[in-house]
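**Student:** What follows is a structure written as structure tokens; I'll ask about it next.
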Amino acid sequence: MIMVISKSQNIRPAEPGVVYGELAQKGDPIKVTELENNLQENKFSGKITGKVAEVCQAEGCWIRLQKADGTTLLVKAKDHAFVMPKDIVGKTVVAEGEATVKGVSEEMRKHLAEDSGKSKEEIEKIKGDSKEIIFSAKGVKVI
């Protein structure tokens, strides 16, 4: 008998103190709104904090943190090493990892929109490639 267990099974609910992936204990996070000003050569390494606006509805492999200007920052689980629950939306988190300015293809933008549960009409409106900061997280902690 072979048993297949999905990564998304048995995910702990998003409660203060719960860590998905791994976090180092030292170092203070910067606010997601300060990330752009802390990039050096289009890169940042460390911790950021912000409120979760969206989560991948398919696997929980990424979240988006709300920025002051109404846009969001994509935070992906590095190498799909961990998943986060759907109830993480609205929670404040600390993410540790590396941010890089990257090109995002129209195809990937549509894929991410689909994974977040956007309507077919919203997905069809996505046109062209974009350049954005993407944060690759080793771990995410609910605070």
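The values are calculated or read from the model by the stated rules, or taken from the named source; none is laboratory data. Quantities reported herein were computed from a predicted structural model and do not represent experimental measurements. With ideal geometry, Cβ positions are generated from the backbone for all residues, glycine too; neighbour counts draw on all protein chains shown. Side chains are part of the model used for accessible areas, which takes the heavy atoms of the whole protein and leaves out ligands, DNA and RNA. Shrake-Rupley method; radii C 1.70, N 1.55, O 1.52, S 1.80 Å.
**Student:** Carbon and sulfur: what percent of the chain's accessible surface (1.4 Å probe)?
**Tutor:** Looking at the chain in its full context, I get 47 percent from C and S.
**Student:** Given the rule -39500 (n - 2.57) for each run of at least 4 DSSP H residues, summed and divided by the residues of the chain, what is its mean residue ellipticity at 222 nm, to the nearest 500 deg cm²/dmol?
**Tutor:** Taken over the chain, the calculation gives -2500 deg cm²/dmol.
**Student:** If you rank Val75, Val89 by how much accessible surface each has, with a 1.4 Å probe, what is the order from largest down?
**Tutor:** Largest to smallest exposure gives the sequence Val89, Val75.
**Student:** Rounded, prolate or oblate: which one fits segment 33-113, using the alpha carbon gyration tensor with axes a ≥ b ≥ c (rounded when a/c is under 1.5, else prolate when a/b beats b/c, else oblate)?
**Tutor:** Rounded.
**Student:** If you build a Gaussian network model of the chain, linking Cα atoms that sit under 10 Å apart, which residue out of Ala95, Ala53, Ala24 swings the most?
**Tutor:** With Cα springs under 10 Å in the chain, the top fluctuation among Ala95, Ala53, Ala24 is at Ala24.
**Student:** Starting from the Cα of Glu34, step 7 Å along the direction of its Cβ; do the same at Ile123; then give the gap between the two resulting points in nm.
**Tutor:** Here the modelled spin labels are 3.8 nm apart.
**Student:** If I ignore ligands, DNA and RNA and count only protein heavy atoms, how much of Lys127 is accessible to a 1.4 Å probe, in Å² to the nearest 10?
**Tutor:** My reading of the accessible area for Lys127 is about 130 Å².
**Student:** Shifting gears a bit: How much net charge surrounds Ala14 when only other residues with a Cβ under 9 Å from its Cβ are counted (Lys, Arg +1; Asp, Glu -1)?
**Tutor:** That works out to +1.
**Student:** Now, a different point. Calculate, for the chain, the solvent-accessible area per residue in square angstrom, rolling a 1.4 angstrom probe over the heavy atoms of the protein chains.
**Tutor:** Roughly 62 Å² per residue, with all protein chains present.
**Student:** Could you pull the accessible area for Ile143 with a 1.4 Å probe, rounded to 10 Å²?
**Tutor:** That residue has around 100 Å² of solvent-accessible surface.
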